[in-house]
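Report on one structure; see the data block that follows.
The values are calculated or read from the model by the stated rules, or taken from the named source; none is laboratory data. Quick caveat, the model's predicted, so the values are computed rather than measured. Note that we place each Cβ from the backbone using ideal geometry, even for glycine, and neighbour counts take in every protein chain shown. For accessibility, only protein heavy atoms count, side chains too; no ligands or nucleic acids. Shrake-Rupley method; radii C 1.70, N 1.55, O 1.52, S 1.80 Å.
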Amino acid sequence: MRHIAEDHKRELNIAKGGGDVGGSTQTRMDPTTGQVAKKYNKLRDREEIAKMVAVGCLPFSFPSSDAFIRYIQAIYNPMFNGIPRTTCRSDIFKLHSQYCFYLSTLLKNIQCRLSLTSDLGLIS
């Protein structure tokens, strides 16, 4: 019985009404099935929204728009209040610097010749 308690510490803590063990996450348990229904981590949420804005060429204000907030509240997290434009912008620039560092480290350690090309055409 002891090994079950150790191996399933997180589930037992959630079942007793506690939060998730280890980290700033919010977890809800589905009372009908006893399974974890949703897990929310604000830092991961901000990072994923920043990636979505950057890849989709969306405006920095998109995560704070009323339509987006209503959608997230209705489908995923009723406590979501949006992400301010300045926070989204800083998250995107932080991701950009992390990715640039990753690429520079990767390119420094390559033992072969490498040619990089880019297409910088004008958009009209």
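Among the residues of the stretch 64-98, just one is hydroxyl-bearing (Ser, Thr, Tyr), within 16 Å of the chain's Cα centre (by Cα) and not in a helix (DSSP H, G or I), namely TYR76. Kindly evaluate ILE123 against the criterion of being of a type in the set (A, V, I, L, M), at pLDDT 85 or above and assigned to a loop (DSSP other than H, G, I, E, B). Taking the combined requirement at face value, the residue does not satisfy it. Restricting LEU103, LEU114, LEU120, LEU107 to residues that are free of Cβ contacts under 8 Å to residues at least 24 places away in the same chain and open to solvent by 100 Å² or more (accessible area, probe 1.4 Å) narrows the list to LEU120.
Checking each residue in the stretch 84-99 for being over 10 Å from PHE60 (Cβ atoms), open to solvent by less than 100 Å² (accessible area, probe 1.4 Å) and not polar (S, T, N, Q) picks out only LEU95. Pairs linking a residue in the stretch 55-79 that is more than 12 Å from ILE92 (Cα to Cα) to a residue that is among the basic types (Lys, Arg) and open to solvent by less than 80 Å² (accessible area, probe 1.4 Å), with Cβ atoms under 8 Å and 6 or more positions apart or on different chains, are TYR76/LYS38; ASN77/LYS38.
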